[in-house]
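Everything on this sheet refers to the single structure shown next.
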Amino acid sequence: MTTPSIYDFVKQQENLFETEDITLGDNFSWNFRKHVQLIFHLVNGVFFTGANDWLRPFKAVMEPMLNLSNWTEDIEVKDVVFFIESQNGKVLSFLIKKFHDEVYTKEHDLDTLFDQITESDNTYGGVVLQKGVEMPEVIPLNSIAFCDQTDVLGSPIAFKHYFSPAKLRGMGKYGWGEEKNGASISLDELCVLAESSKDASGQSDKKNQVPGKTVEVYIVRGNLPDQYLLDNDDMEYYCNQIQVIAFYVDKDGKKNGVTLYRKEEDEGNLKFFTSKEVYQRGLGRGVGEALLPAQIWSNFLSIHKMNMLEASSKVLLQTDDPAFHTKNNIANMENLEVSVLEEGKSIGQIPNVGSANVALMDNALNEWLAQAQLSAAAFDPILGKEATSGTTFRGQERTVAQGKGLHDQKRGKRAKFIESQLYRDWIIPDIKKEILKGKKFLATLTTDELRWVSEQMSVALTNKRIKEMMMSGKAVTKEMQDEMTRTFRTAMIKKGDKHLTEILKDEFKDVEIKLGISVAGKQKDLASMSDKLLSVFQFIFANPAGFQQAMQIPALAKSFENILEFGGMSIGDFSSLLNAPQVPAPTETTQTPALLPTEVVPA
């Protein structure tokens, strides 16, 4: 018995992915690829079935509604805010924020990444991302050759791409085509076998001719049999791996598979997100799917309405004079030309399509448009339409707020995914690596910023040294502490940014845990919190002595505590304000350990 190869597996699964439906309910069948293709056609103004020769009217309903959803739910880089809630890690958190805002976002175009996440989720009901070599990347759902239709990342998943010879050779920098990485052919050898056609949207029976050469490549990821990785005929043991394979047609017209790369791979390099899950279905329910009935029936009505208008444009005549047609050619008559009828005979127009029928079509179209607006939460005020007469400003404002509520909910879900999945797992660790490279990032620091970082790091190193001395039983005075801080600061300034980078390598452990991230105000409404803190400070600064005295009265102190709690703040952050400051009595200098009043210890 011949052991199946990875090439047989891929082609078999791709065929099943295109043809087999899954059953979700008693009368609910669904196919991933058909779902994506249907929405892909209609969103782009193309009929899914029948001729696309522009002889049938297509009433675009989905596109403007989706554009509105994407605009209303847009998340931008400026919506990503870093905040520090503890003194520990303050310096390192500052560096991460600085690098993120000034370097990383520009080099990696995070705005485009956020837009692609929103558009894919709204249009198709989900988005697939890969970690990528340099940054997270959104993978178009159209490029999926096969996956688990009940759980996108629950089983092996394959992506189908086409590479030009030049682009394929460029993948050599990632180890493609090297024998040590499991390749069965070199990139140069495969480029010679490149074809001048591509499969049309994964359909192997239809080809798109291209002027240059191209290579069909599949990237397969997930738990696969050990045999595919080690050629050991073991189809029982599975491990997580990545396989890059390609196909070419030989001189006999036979399609052959070759391997470009294969390795074991850690899990977590792919992520999937949907803002509205559907039970046991790979993709959720996006705005595009909700708009399908409105789009399909609007097209149906538009086509029949156009047929009616075309029929009503024809002028049909009837007469009871049998000889009229032989005596007169109506089609070739000139304007004001006189016709002759027999005595007692008549001629008139045959009624064909009444205007009432066209009006019924218009009413039905308007009903489906209203349904589309309801499905996409795209009510008239959000669309920018003028409110009906008599609508008050407050009433319109409330309507807009209610209409945006559904969009804000989905926006919040995506914000949480971006914060917890992308930033915590991928972006922050990547930024840590980039910062430790040093030169490019540190060049963006101003002199004042670099001086502040150096001072804070000097204090941190001093505190670290003091703790070591105290643990060994040595006494430390305030003068010794100040001298160590000056020494560290001087040494750091002399060695410059390279020395600072070397220090950061040891200090960058678990820094992301101490760094708060708020995306689109989902995790923490920093603007509102700032307003509340400003109000508290204005209240205290107005009469600080009176405030201290009032806080000595239990009832007033309790009320102030309630104000803070109701505002989402903690009384612990203001505990030092509740008691009058104590002035220490002068004492003789003793050899007791003393740390700086404001100790800064980076993570």
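The values are calculated or read from the model by the stated rules, or taken from the named source; none is laboratory data. This one's a predicted model, so the numbers in the text were calculated from it and none came from an experiment. A quick note on method: Cβ atoms are made from the backbone with ideal geometry, for glycine too, and the neighbour counts reach across all protein chains shown. The protein model used for the area step is the full one, side chains on, heavy atoms only, and it has no ligands, DNA or RNA in it. Shrake-Rupley method; radii C 1.70, N 1.55, O 1.52, S 1.80 Å.
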Between residue 151 and residue 304, the FRET efficiency computed from the C-beta separation at R0 = 51 Å comes out, to the nearest 0.05, as 0.80
For the charge dipole of region 278-359, defined by +1 on Lys and Arg C-beta atoms and -1 on Asp and Glu C-beta atoms about the Cα centroid, which residue among 318, 332, 306 has the Cα displaced farthest towards the positive pole? 306
Quick one: accessible area per residue over region 273-345, 1.4 Å probe, rounded to a whole number of Å²? 66
Computed from the beta carbon distance with a Förster radius of 60 Å, FRET efficiency for residue 277 and residue 315 to the nearest 0.05 stands at 0.55
What distance in nm lies between label points placed 7 Å from Cα along the C-beta direction at residue 173 and residue 369? 5.1
Check residue 476: other-chain or 5+ apart residues with amide H under 5 Å from its amide H, H built from backbone geometry? 594
Tell me, what is the 1.4 Å probe accessible area of residue 35, in Å² to the nearest 10? 20
Placed amide H near residue 83: partners under 5 Å, 5+ positions off or other chain: 516, 517, 518
Taking 0.36 nm per residue of sequence separation and subtracting the Cα-Cα distance, how much length would be gained by fully extending the chain between residue 209 and residue 223, in nm to one decimal? 1.6 nm
For residue 155, which sequence-distant residues (separation of 5 or more, or a different chain) have an amide H within less than 5 Å of its own amide H, given hydrogens modelled in the peptide plane? 148
Give me the one-decimal nm value for the distance between modelled label points at residue 3 and residue 469, 7 Å along each residue's Cα-to-Cβ direction. 6.6
For the pair residue 334 and residue 19, what calculated FRET efficiency results from E = 1/(1 + (r/R0)^6), where r is the Cβ-Cβ distance and R0 = 51 Å, to the nearest 0.05? 0.25
Roughly how many percent of the accessible protein surface of region 58-170 is carbon and sulfur, given a 1.4 Å probe and a whole-percent answer? 47
Find the accessible area per residue for region 1-54; the probe is 1.4 Å, ligands and nucleic acids are left out, and the unit is Å². 62
Taking the convex hull of the Cα atoms, report for region 283-370 its projected area averaged over all directions, in nm². 9.1
Each residue of region 65-72 in turn: what ³J(HN,Hα) in whole Hz from Karplus with 6.51, -1.76, 1.60 and θ = phi - 60°, glycine and Pro shown as x? 5, 5, 4, 5, 4, 5, 5, 5
With +1 on each Lys and Arg Cβ and -1 on each Asp and Glu Cβ, and nothing else charged, work out how big the dipole of region 69-163 is about its Cα centre, in Debye to the nearest 20. 380
Using 0.36 nm times the number of residues separating residue 107 and residue 235, minus their current alpha carbon distance, what extension gain do you get? 41.7 nm
I'd like the Karplus ³J(HN,Hα) series for region 115-127: coefficients 6.51, -1.76, 1.60, θ = phi - 60°, whole numbers in Hz, and an x wherever there's a Gly or Pro. 4, 5, 4, 5, 5, 5, 5, 5, 6, 10, x, x, 9
By how many nm would the segment from residue 326 to residue 63 lengthen if fully extended, with 0.36 nm per residue of separation less the alpha-carbon distance? 89.2 nm
Of the heavy-atom accessible surface of region 194-313 (probe 1.4 angstrom), what whole percent is carbon and sulfur? 47
Filter the cross-link list 98/167; 97/464; 98/413; 78/467 down to pairs whose alpha-carbon distance in this structure exceeds 29 Å. 98/167; 78/467
Can you compute 3J(HN,Hα) from phi for each residue in region 268-276, using the Karplus curve 6.51 cos²θ - 1.76 cosθ + 1.60 with θ = phi - 60°, rounded to whole Hz and x for Gly and Pro? x, 8, 10, 9, 10, 9, 9, 8, 8
Cα-projected label distance for residue 195 with residue 436, points at 7 Å along beta-carbon direction, nm: 4.5
Which pairs in the list 106/404; 59/305; 11/271; 34/207 are over 22 Å apart, alpha-carbon to alpha-carbon? 106/404; 11/271
